[in-house]
Every structure is written in structure tokens, then in C-alpha cells.
1. For Asp275, are the conditions met, namely being part of a helix (DSSP H, G or I) and in contact (Cβ under 8 Å) with a residue 40 or more places away in the chain?
2. What tally of residues in the stretch 156-201 results from selecting those that are at pLDDT 95 or above and assigned to a loop (DSSP other than H, G, I, E, B)?
3. Looking for whichever is surrounded by fewer than 18 Cβ atoms within 10 Å (Cβ to Cβ) and either of a type in the set (A, V, I, L, M, F, W, C) or more than 26 Å from Ser40 (Cβ to Cβ) (or both) here; the options are Ala81, Ala98, Ala74, Ala106. Which one fits?
4. On the given criteria, is Thr412 at negative phi, crowded, with 17+ Cβ neighbours inside 10 Å and in contact (Cβ under 8 Å) with a residue 12 or more places away in the chain?
5. Of all the residues that make up the stretch 194-236, how many are surrounded by fewer than 24 Cβ atoms within 10 Å (Cβ to Cβ), in contact (Cβ under 8 Å) with a residue 60 or more places away in the chain and either acidic (Asp, Glu) or farther than 28 Å from Leu127 by Cβ (or both)?
6. Going by what's in this entry, would Phe146 be described as touching a strand residue (DSSP E or B) at 6+ places or on another chain (Cβ under 9 Å), part of a strand (DSSP E or B), in the same structural domain as Gly108 (by TED's automatic domain parsing) and modelled with pLDDT of 90 or more?
7. Quick one: in the stretch 167-207, which of the residues that are β-branched (Val, Ile, Thr) and within 30 Å of Ile269 (Cβ to Cβ) is farthest from the chain's Cα centre (by Cα)?
8. Between Thr43, Thr11, which is β-branched (Val, Ile, Thr), in the same structural domain as Thr168 (by TED's automatic domain parsing) and either more than 25 Å from the chain's Cα centre (by Cα) or farther than 27 Å from Ala165 by Cβ (or both)?
Amino acid sequence: MPLHPTLTAVTDRIRARSEGPRQKYLDNMARAAAEGPRRSHLTCGNQAHAYAAMGDDKDALTAERSPNLGIITAYNDMLSAHQPFETYPDLIRAAARAAGGTAQVAGGVPAMCDGVTQGQTGMELSLFSRDVIALAAGVGLSHNTFDAAVYLGVCDKIVPGLVMAAATFGYIPGIFMPAGPMVSGLPNDEKARVRQEFAKGNIDRKELMKAEMASYHGPGTCTFYGTANSNQMLMEFMGLHLPGASFVNPGTPLRDALTTAATERALEITAIGNDYTPVCDILDEKAFVNGLVGLMATGGSTNLVIHLPAMAKAAGIILDLEDFSDLSAITPLMAKVYPNGLADVNHFHAAGGLSYMIGELLNAGLLHDDVKTVAGAGLNLYSQEPQLADGRVKYVAGAGETQNDKILRPATDPFQKTGGLTQLAGNLGRGVIKTSAVAPERHIIEAPARVFHTQDAVKDAFKAGELTHDTVIVVRFQGPKSNGMPELHGLTPTMAVLQDRGLKVALVTDGRMSGASGKVPSVIHVCPEAADGGPIAMVRDGDIIRLDATTGTIKVKDVDLSSRPPATADLTGNGTGVGRELFEVFRQNVGLAANGAGVVV
């Protein structure tokens, strides 16, 4: 199937836009790769320190004839998705040893759980933790003793930060190893219903806690399709996972076999192996376009609209919101996974999952097949799925048809013809809206503004009975410079209740929503942010705001915003408590959300 002309045009546009920084990046990678395997440049004293604790592996390490893998782990048992990584280093070391190589834990990176910090002060560190993760991974790999890197991470900021590090060390190969989703618990729609009942005051905290514990109940990734699972999808579409690795449950024989297979493959693709494949060769313009298509086809997290530009920039590639919007316009929405539907990721995987989806999109001319991946050349490898045979992974043809068309549909008969992620622009600036879970009759909202500076103020107004009419709720001073851009997850139940009461409501904010944001139209990541004096700082209560996801516009009607002075807010309280003091340099130097809200790249 020939490529869709828009796919080709967007790829060419990204390549032309990125020509200078991309060539500089590739030149840097080529110079580093030309130096050969890392350990050959270390003195005997350097190496003695590196191998002192390696026991029986010392001979192999000092001989320098076999590859050495550096493990970057985001293990902790605060995150259910990362708890399985506790045992991965032993498994990786054993698999590497059996295959004639070695492996060492190069370093750990922080991994915070947004589920724990939602609505709490610590959430103001969340976005910046991505850049900290990239920095921490860089420290671990700076010892320069590794022929390839193995990255253990799953959740929201962790995978983007690790990809930024992998691109920076792009002259060595890297493989990402997931842990898989927890088995299904309380259905996500029931969890959402209980949260709304609590927001209305109809149930007590004991009932709420019972529902939450039944939903988040064991090791593995949360089962809704938020940022963590969107990350796993992205790693397959971009060729950094082994095919079919994303959604195999923890603690299963196939999960362990995939970890072993990924270790063996990491050894094969080093400069010492037979199929040298550095990360810089994988992360090109086509890989990022494939990732964008995957995001649209699955109805993935809006957080990746921030993270993908930052990841791309680390590889010398410049993405723009128009790339997201244009690819969304041609990409069919093929999946309905909560919050876009009732199914969870386990149901999605059973219905055919990513292998079916990739095969369909390739056949529709909506993905680049001519890419390099950790599995080899060609994205078509990812239309296969892994099975267990005598304790090892073997690949077979993926499902030729969907196993449940209420969850997963072919590209020719999708749930909707577009991916449901649209750039909105107008006199309020630029932002994005995710419409894949929003009813079509709510794609256009026009109503008076009610302006707030915190999400708690919105909740207080709701509890006081002040929000009784059609309203566009504007929550500003929530961008990265203001307070680190915490997710405004706490607004979701409140706004859903207002909408269920028959009101026309929408959110406009320079902040973020959760990766699981759903049925209420929300224009997010509005740039420039209020702290930069952006137009959103000029909005006043009663202004008529019109957002139109069908035309890609957002504007304040009949008002010259430039004639108004920007509102100000007292942000001094954002600088202290729960570690915020340490991140002042980040708040002062962070870039625009539209460009990835980056600090280190």
C-alpha cells in the first residue's frame, strides 16, 4: 500500500524543519561511535573500580571480548507498574551470562507515582521529574563501560525521560523493557461512577477507598489507557520494545521470556555483536511520525503532546503541534479503551492489541515500514505476536482480524475517522483538545468564562452551588513556569457532574489534564501561559469563549485582549514545601509546553 500523501508530507516537513539540529546530532553520534566500544578507553584503574563487585563476571569484563549491558532502572515499590522491576536485574544478568555477555546496574532514576500525588503539592514536581530522570540516566551511563543500555521504565514521565537519555547516548544501542499491566480489577467506568458519587456527597470516603483499592490492586501498570500505557504503545510503534512486549502481565512465564529475549537481543545489536543498531539510527523522523500515528489510532494520552517534542528534540528533531493535528486528521481511531470506552488494556490486548493495529495501519499506508527497530529492519515485525515455546519466545502472525469489534476495529471501519486530537488556535493562543471520548455534540462549546487560578477554587465554587449555568471554566497560572504544570486531575469528576446535569461546560487551561482525561471538552497546554503574560491572562469573568474542535479554533469573542493588562497571581507559595525549593531553577528556565516544556534539552 502506498503511503498516505499527508503522512509523507508531514514527515518531509519535519525533516526539513529539523535539518540543522538533526545533522549536528548525527555528526555527534558518529564521532562518538567511531571511538569504538566504551571500555577500551578506560584505564586499568578505571576498570578495576567498575568491576570490583562483579565476582565471576570479572574475567569476561576485563577480556573485553563480550558485550556489557548497562541497566538503567526506575524500580521502586511505590509504583505498582515498577514493582516487578525489583527482580529484573538478576534475570538480565543471568540471561546475559548465558548468552556470553555481562550486565551491570548502571544507575537508578527517580520514578514518582502521579496517582499518589494527584491533587497534592508533590504533583508540582511531576513534569520536571522527566528531565531529572534524563539527567540521572546520563550520570549512570557516563561511566562509559557499556556497549548497550537496557532501560527499565513504564510510567508517565519515566519513559519520556529515559528516551531523552537514550537519544543523548544514541551512539550505543538501547532496548526498553516493560513490566506489563496488572490484571483487571474493578471496571474503570465503575471507579469513575464512584468518584462522581463522592464528588456529589452521596457516598462517604470509606466507600470511595473501597472502590479505589479494588481498582488499583496488584503489581503492574494501571489498566486504564492513560499516559503509562500510552508510553508502552509508543515504544512498540517506535521500535524500542521487542514486538508484543507491552501488555503481557507481570509474573507470567511469557513476561520473563520476553525479558530474556530482550537481553539477548541487546547483546546482538552492540558494536561487538553482529547487528549493530544504535539508538540514533532508530529514532529518526519516521519513527516519531509512527509514534504520532500510534497515539492518534489508540486515543492515547494528551501528556505525550508535551513529551514527544522533548524526546524528539533530544534526537535533533523538531515536532510542532501542527504535526499532531495533521496526522490526527488522517488517522482512524481504532481502539476504545477506558476512558475512551469501557474496556481496559488487558481486554484491548486480548482483542488483537498492538500487533493487529500495526498491521492494519501498515496496510492502510499510515505507517512507515522502512525503519530500523531493536528487533530488526521493518515495522512489519511488530504485526507479529510473541508466544511461549519450550520456555522461549517465538513469533507468530498476529490476529488477522479483531477479536472484539467493540474494543478494536479495522482501519477501514474505525470508531471515528480521525484520531481525535486537534490543535486549537486563536486569540487565546494555541492549545490542544482530545475529543476521542467527547460526544460530537460537545465538540463546539460557546459560553461565558469563569476564571480561576487553582483547581481547588473550582471545586469550592462547585460546592457552593455557583456553577449552575453553561460555563467555560478557565484555570490559569497552571503552566510550567507558574508551578511546574501539575495535572488538574481533580477537576474531572466535578466537571463530569456539571455536564451530566445538562450544562454545556468546557475547560480552558495553560495546565495539563490527566492522561486519562475524558468526556468533558478540555483545551489544555494553552501557550503562552499566564505566567508569561499570554492572552489567557487577559480573560475576565463573563467573556464569551468559543472553542470549536471541528475548525481548530479557540477565541474570546468581541474582545481585543491586547488592550487589557494581564492578570497577575501571587506565585511565591509555589516555591517551598515538599521539595519545590529544589526546582526553582527549573521553573525559571523551562520552555513552552508546545515545545515540550523542556529544561535540559
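The values are calculated or read from the model by the stated rules, or taken from the named source; none is laboratory data. This one's a predicted model, so the numbers in the text were calculated from it and none came from an experiment. Positions of Cβ are backbone-derived with ideal geometry, glycine not excepted, and every protein chain shown enters the neighbour counts.
1. Values: part of a helix (DSSP H, G or I): no; in contact (Cβ under 8 Å) with a residue 40 or more places away in the chain: yes.
The answer is no for Asp275.
2. Total satisfying the criteria: 9.
3. Only one candidate passes the filter, namely Ala98.
4. Answer is no for this residue.
5. 1
6. Working: touching a strand residue (DSSP E or B) at 6+ places or on another chain (Cβ under 9 Å): yes; part of a strand (DSSP E or B): no; in the same structural domain as Gly108 (by TED's automatic domain parsing): yes; modelled with pLDDT of 90 or more: yes.
Here the answer is no, as Phe146 does not meet what is asked.
7. From the stretch 167-207, those β-branched (Val, Ile, Thr) are 168, 172, 175, 183, 194, 203; that's our starting set.
Then keep just the ones that are within 30 Å of Ile269 (Cβ to Cβ); that gives 168, 172, 175.
Working: Thr168: 18, Ile172: 23, Ile175: 17 Å.
The extreme case among them is Ile172.
8. Answer to the check: Thr43.
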